[in-house]
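Just below is one structure, and these are the notes that go with it.
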């Protein structure tokens, strides 16, 4: 075939140009990260004297030892895990129950309620943030884990996703179980839920990643240092950039904070990409 | 349609027939937990926010009713008008770049080789980082006289501009960091669209001796037109909500030139604690985003009809 022979003949000038462009973009992607990692491995005083010293030896892991010894980054990671993990588990539970209810059961007002939930998808966080902040003040929930978890639970996306998924499962499955006198909850738990694992994975990854990286709500709700999530904590160390304990130390904190999610990404890449792009298109 | 499905329930002799899809209040219990949260933390705040925007509110209560005063004050505030302009400017800088670079990468990396897979991984990797880490990385890249950028300029014997403090360049600096952060999603959306194009069309084109440029223009691009529109609208809605990068990289400066609407809301409501005016500003942001979302709805529907 024509296209094959063209490939065999070797690369044209155009091919090389495109290849060069992609490599240039790849360098722009990786460069800043490699630079930050290199900075984190340098002695702070040496960097002050000569910024170019970042490109050569000696390197040291002293900044990482200082990070582990002196910074709050551990407690922030823990907070982020509790918030993102809690939100993910609760979202999966609530969305699965509601998804089953909307897709399979009938109750007065169901269709109208579902349309209202769908309209909730169009509401951006900023439109409700201020009122939410006031409500959480009334409830006395600022600087608590429930205060950080509850707002995210109201997102309509999970219900929408699970409803779609339950609808796609053949009805014969649950009808057979119901005719066997199984309760509605039993049908949900034993028959249908095991079939929704792929959707649970998508929703779980998407929810966890979103909560882990959320910045605005923790910024206004968690104002005490011990309740900071990782995003707010790392942001707080940036405030006095110049007078900080040193660039190398700051970068070690950044690497320490960014590494877990990057490692998770490398292992579960396929699922993460599917989850994020699936959620974007919905 | 099928006859209503019925089940026999009850004990032996007094068996009765029930329609298993008949409406039952009990079924509501499955959706009740979510609906409670939804009503309390999404629906109620949505309306309470509108209510607040008509009041001289403070942290705890709605305070005195003042009608449209907050909205009038907003549109007389030069900084608010500036922040609307800044937001549109930022969307204009980032969205075309994200769509075009994303498309370019998808076209180049849509192949089954090992190196293409590695590069796809690389280009998506920044998307999993949080905004605070991204801004930390880019602030250190931009830092005058010792950052990576000034060293690269220095290598070519030039002096790097102070990206984040120069009034003409600050927003561009934020936009570059944002494109770096967000490029993964457009690329992946284009890649999955490219993979859905049937291969036999390409084979037919090859038989017709179409060259690559012709194939790209008359087969590939028309097939992903809908994805292109989708990517642009998703990015408009998302980039419209710029906050973290601007707050962490420039604090909205110099001279409010990089202050987007969301940062204006944050300053007003959570730093000056003018809750009512902040609420009014967020209603205006909501309206602007709704317009973009409506455009998405109309466009996708028209395409579906065609």
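Things worth noting here:
- If you check A:54, A:83, A:77 for being more than 9 Å from chain B (Cβ to nearest Cβ), out of contact with any strand residue (DSSP E or B) (no Cβ under 6 Å at 6 or more places or on another chain), crowded, with 19+ Cβ neighbours inside 10 Å and in a helix (DSSP H, G or I), only one passes: A:83.
- For region A:176-191, a tally of residues being assigned to a helix (DSSP H, G or I) and either modelled with pLDDT of 90 or more or more than 21 Å from residue B:28 (Cβ to Cβ) (or both) returns 3.
- The set of residues in region A:129-149 that are without any contact (Cβ under 8 Å) to a residue 12 or more places away in the chain and facing chain B (nearest Cβ under 8 Å) comprises A:130, A:131, A:134, A:135, A:137, A:138.
To keep it simple, each residue is scored yes or no on (1) buried (at least 23 other Cβ atoms within 10 Å of the Cβ); (2) more than 10 Å from chain A (Cβ to nearest Cβ).
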| residue | (1), (2) |
| --- | --- |
| B:117 | no, no |
| B:130 | yes, no |
| B:133 | yes, no |
| B:162 | no, yes |
| B:172 | no, yes |
| B:186 | yes, no |
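- Summed over region A:159-175, the residues that are assigned to a loop (DSSP other than H, G, I, E, B) and surrounded by fewer than 13 Cβ atoms within 10 Å (Cβ to Cβ) give a count of 1.
- Among residues of region B:235-251 being without any contact (Cβ under 8 Å) to a residue 60 or more places away in the chain and over 18 Å from residue B:129 (Cβ atoms), the one that is surrounded by the most Cβ atoms within 10 Å (Cβ to Cβ) is B:237.
- Which numbered condition residue B:223 misses (of (1) away from chain A (no Cβ under 11 Å); (2) at negative phi; (3) within 21 Å of the chain's Cα centre (by Cα)): (3)
- Only one of B:87, B:94 that is closer than 30 Å to residue B:193 by Cα, buried (at least 22 other Cβ atoms within 10 Å of the Cβ) and within 14 Å of another protein chain (Cβ to nearest Cβ): B:87
- Within region A:30-49, being modelled with pLDDT of 85 or more and away from chain B (no Cβ under 11 Å) holds for one residue alone: A:41.
- Those residues of region B:102-114 which are part of a helix (DSSP H, G or I), touching a residue at least 24 places away in the same chain (Cβ under 8 Å) and either touching a helix residue (DSSP H, G or I) at 6+ places or on another chain (Cβ under 7 Å) or crowded, with 20+ Cβ neighbours inside 10 Å (or both), in sequence order: B:102, B:103, B:105, B:106, B:109
- Applying the set (1) touching a helix residue (DSSP H, G or I) at 6+ places or on another chain (Cβ under 9 Å); (2) more than 10 Å from every other protein chain (Cβ to nearest Cβ) to residue A:209 leaves exactly one unmet item: (2).
- Here residue A:108 passes the criteria (1) surrounded by fewer than 18 Cβ atoms within 10 Å (Cβ to Cβ); (2) within 7 Å of chain B (Cβ to nearest Cβ); (3) under 22 Å from the mean Cα position of the chain (by Cα) except the one numbered (3).
- Whichever residue in region B:188-204 is over 30 Å from residue B:242 (Cα atoms) and at the interface with chain A (Cβ under 9 Å from one of its Cβ atoms) and, among such residues, is surrounded by the fewest Cβ atoms within 10 Å (Cβ to Cβ): B:203
The values are calculated or read from the model by the stated rules, or taken from the named source; none is laboratory data. Just so you know, these numbers come straight off a predicted model, no measurement behind them. Every residue, glycine among them, receives a Cβ derived from its backbone with ideal geometry; neighbour counts consider all protein chains shown.
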